[in-house]
Amino acid sequence: MKGTRQAIKYSGNLRLQWNWSVGLAFSLILPVVINFFVDQTAGYVTLIYSALYFSAILLIYFRYRPRILDGLVSFAANFTHEQEQILRQIELPVVIVAADGRVLWVNNRFQTLTDKPENYRKNISTIFPQLVKEVLPTNEWDKDMEISYGERSFRAHMQKISMDKLVDDSELIERNSKNAQNFFYIIYLIDETDLLTLEREKRDSRSIIGLVYIDNYEEAMEAVDEVHSSLMNVLVDREIQRYFGAQGCLAKKLEKDKYLLIGNNKSMEDMVHDHFSVLEDVKTINIGNDTVITISVGLGLDGTGYVQNYEFARSAIEMALARGGDQAVVNRGRQMTFYGGKSQRNEQHTRVKARVKSQALREIMMTKDAVLTMGHRITDMDSLGAAIGVYRAAKTLGKQASIVIGDEAGSVRLWMKALKEDKGYETDLFITHEEAIARCDENTVVIIVDTNRPTMVECPEILSMTNSVVVVDHHRQSIDQIPGAALSYIEPSASSACEMVAEILQYFEENVKLRPLEADCMYAGVLIDTNNFVAKTGARTFEAAAYLRRHGADVTRVRKALRDDMESYKARAEAVRNSEIFMGCYAMSILPSQGLEIPNVIGAQAANELLNIIGVKASFVLTQYEGRVFISARSIDEVNVQIIMERLGGGGHISIAGAQLSGVTPEEAKQRLKETLKQMIENKEI
């Protein structure tokens with residue numbers, strides 16, 4: 001108690017009372033002086049009385065000060081004891097811990113919960129491993145944290161209490177020294193187990209709507225006889241009903257190749273955790289059929305009700321089909337998540353879709369005065385060739401037409417030079433971004449080829465300047481699709497945009513006559529995107545090539561135009577020489593970009609070369625160009641490189657894809673690619 005007396009002194013109202021007592025004693029000096037002037041005897045009497053009064057005040061101050069302080073402390077202790085009893089009986093578990101996390105005090109409910117004695121003085125982290133010193137509040141404000149003990153879940157409400165602040169806020173006492181900072185923590189445990197259980201049940205019971213389409217029903221049924229087609233139909237239906245029924249979903253067959261799903265959020269989570277294994281299970285059905293059956297799944301959830309969830313599901317299934325099918329798409333309104341899509345979509349032998357799209361494109365062109373066509377930034381041969389084909393179609397219809405190209409990339413510079421020098425073309429065959437913006441209006445149709453992403457187009461500014469936008473692309477559709485397209489023709493099974501445009505030209509009512517140089521450009525686009533007719537090549541690819549040959553495409557001329565210079569050839573060879581094999585089957589390399597005009601094109605060629613190595617399932621070549629790292633990804637048929645590149649912000653085809661990374665070095669991008677591959681393999685996504 002002696003140390004307590006020395007550590008504190010009077011403060012506030014108590015100190016004010018003593019100051020007034022001493023002040024009033026000193027105020028008696030004035031009457032004493034006056035009495036001396038009036039009467040000396042009276043002055044002495046007053047002086048003696050004042051001295052005795054002042055002495056008594058000092059005696060009382062110094063004699064009773066410790067007793068008063070002891071009384072205050074005793075009162076505080078008794079009051080605190082009563083508070084402690086109330087706090088000890090409170091229904092919430094409460095614990096007080098020191099600054100280092102050591103337990104100082106616990107109440108009865110805490111003892112009952114943790115089965116710890118009243119004198120338990122170990123660190124709080126021995127009871128709750130989550131409550132380490134680093135998570136305790138650093139400033140004097142409340143902090144909540146979710147913790148668990150046994151099978152119960154709690155919200156730990158933590159308060160930092162400063163001992164110094166308790167003294168400083170007192171109106172009776174104060175500290176002599178303000179250098180030390182002593183504090184402790186009060187932690188209240190609020191049991192939220194039942195609340196969390198109800199929230200989880202509510203979340204799990206939220207409805208989802210889904211659609212299941214059989215991608216190639218007609219082709220699969222036509223490939224077998226009538227008896228086997230009935231059996232196949234039953235087996236596919238049984239597999240779909242078995243899987244979704246086991247997940248707690250109702251699968252109602254709407255048509256011969258379409259199903260409606262009704263389930264809840266718990267069903268969706270189980271299917272996501274299972275990676276929609278039904279996609280692979282259906283493909284194992286084999287009763288002698290040569291065509292592998294695939295299905296697509298579209299799920300809609302988090303909407304305001306059944307109607308909106310159905311709209312989400314419809315958008316999801318459309319996205320799945322536009323991306324080639326054989327995958328599941330979960331649409332939450334503002335976010336789409338993709339699963340599956342590991343197999344190559346079979347080529348559609350029928351040309352009905354190409355004919356319908358060709359007629360629709362012709363009708364749109366006929367209603368407009370001018371046509372602007374463009375591809376993606378850093379124009380390649382497929383983009384240029386497809387644009388040339390659209391240009392010729394517009395000219396056949398008598399429309400003003402131009403191709404929008406910014407920088408002339410090295411891979412197409414020779415072709416553009418040849419087209420510009422040809423006197424058969426107008427001077428506005430190629431126009432810049434500024435010219436396109438000045439020319440585009442509501443009477444202009446903008447036709448985009450070889451890309452379906454608005455961020456990748458050559459001149460995105462003109463997309464909002466007209467309500468007539470057409471998209472013709474062979475890449476899988478991405479989430480950030482071009483909004484408000486009047487016509488969208490996306491065919492992932494096609495080898496190239498040039499192949500698609502060649503088919504469109506054949507169904508124009510007018511007899512479109514390609515010039516030999518134009519046929520050469522389109523043929524070169526097909527040749528490069530198929531890696532000399534090796535990758536993604538189907539019957540329709542050769543038919544498109546035959547159409548171009550009939551219009552004057554010369555194989556020798558194209559081959560000579562596509563030859564590389566010595567520096568490019570050496571760089572490609574160097575990339576192959578320095579390649580490494582990651583996880584036993586993934587070839588990776590960094591292409592030296594010094595001295596190369598368009599290193600990303602050479603990187604794509606190097607990626608194709610790496611596929612010729614035995615055991616390589618996929619190849620990735622990275623190169624730095626224009627402040628970004630370009631990744632060229634290639635595979636034959638075992639790995640879907642498109643979903644890998646999508647994880648890195650890119651996209652493409654199942655066997656040909658790419659991505660661009662900003663703000664990283666090639667080495668950092670390579671490490672990021674490795675981590676992505678590891679994660680996807682662990683999650684069984686590839």
### Query
Are any of the residues in the range 77-88 at pLDDT below 80, farther than 23 Å from I124 by Cβ, of a type in the set (S, T, Y) and part of a helix (DSSP H, G or I)?
no
Is it the case, given these coordinates, that D520 is crowded, with 24+ Cβ neighbours inside 10 Å and either modelled with pLDDT under 90 or not in a strand (DSSP E or B) (or both)?
yes
When the range 422-448 is checked residue by residue, the ones that are among the hydrophobic types (A, V, I, L, M, F, W, C), in contact (Cβ under 8 Å) with a residue 12 or more places away in the chain and outside any loop (DSSP other than H, G, I, E, B) are F430, I431, A436, I437, V445, V446, I447, I448
Going through the range 644-676 in order, the residues found to be aliphatic (A, V, I, L, M), at pLDDT 90 or above and assigned to a loop (DSSP other than H, G, I, E, B) are L648, V664
Residue hits (the range 495-509; touching an Asp or Glu at 6+ places or on another chain (Cβ under 7 Å) and assigned to a helix (DSSP H, G or I)) are A497, C498, M500
Considering the range 590-626, residues that are in contact (Cβ under 8 Å) with a residue 12 or more places away in the chain and of a type in the set (D, E), and then whichever is surrounded by the most Cβ atoms within 10 Å (Cβ to Cβ), we arrive at E609
E239 passes all but one of the listed conditions (1) within 16 Å of I317 (Cα to Cα); (2) crowded, with 17+ Cβ neighbours inside 10 Å; the exception is number (1)
Scanning the range 380-407 for residues that are in a loop (DSSP other than H, G, I, E, B) and in contact with a Ser or Thr (Cβ under 8 Å, 6 or more places away or on another chain), the one modelled with the lowest pLDDT turns out to be G406
Apart from one, (1) part of a helix (DSSP H, G or I); (2) in the same structural domain as A418 (by TED's automatic domain parsing) all hold for A553; the odd one out is (1)
Going through the range 591-610 in order, the residues found to be among the hydrophobic types (A, V, I, L, M, F, W, C) and within 15 Å of G658 (Cβ to Cβ) are L591, I598, V601, I602, A604, A606, A607, L610
Among strands (runs of 3 or more DSSP E) entirely inside the range 132-199, those with 2 or more residues being modelled with pLDDT of 80 or more and in contact with a helix residue (DSSP H, G or I) (Cβ under 8 Å, 6 or more places away or on another chain) are 143-149, 152-162, 183-191
Within the range 223-246, the count of residues that are modelled with pLDDT under 90 and either closer than 19 Å to T337 by Cβ or not in a helix (DSSP H, G or I) (or both) comes to 3
Worksheet item: Is it the case that the range 554-561 has a residue that's among the charged types (D, E, K, R) and under 30 Å from R362 (Cα atoms)?
Response: yes
_Tell me yes or no: at least one residue of the range 60-72 is at pLDDT 85 or above and in contact with a Lys or Arg (Cβ under 6 Å, 6 or more places away or on another chain)._
no
Of the conditions (1) within 35 Å of the chain's Cα centre (by Cα); (2) hydrophobic (A, V, I, L, M, F, W, C); (3) under 18 Å from A354 (Cα atoms), the single one that I462 does not satisfy is (3)
Within the range 432-476, restricting to residues that are hydroxyl-bearing (S, T, Y) and surrounded by 16 or more Cβ atoms within 10 Å (Cβ to Cβ), the one that is nearest to A502 (Cα to Cα) is T451
Flagged in the range 602-633 as of a type outside the set (F, W, Y), in a strand (DSSP E or B) and over 22 Å from E567 (Cβ atoms), in numbering order, are A618, A633
ask   = Does K252 meet the test of being without any contact (Cβ under 8 Å) to a residue 24 or more places away in the chain and part of a strand (DSSP E or B)?
value = yes
Restricted to the range 289-320 and to residues being at pLDDT below 90 and within 22 Å of S488 (Cα to Cα), the residue surrounded by the most Cβ atoms within 10 Å (Cβ to Cβ) is A320
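The values are calculated or read from the model by the stated rules, or taken from the named source; none is laboratory data. If you're wondering where the values come from, they're calculated on a predicted model, not measured in any experiment. Cβ coordinates were reconstructed from backbone atoms using ideal geometry, including for glycine residues, and neighbour counts include every protein chain displayed.
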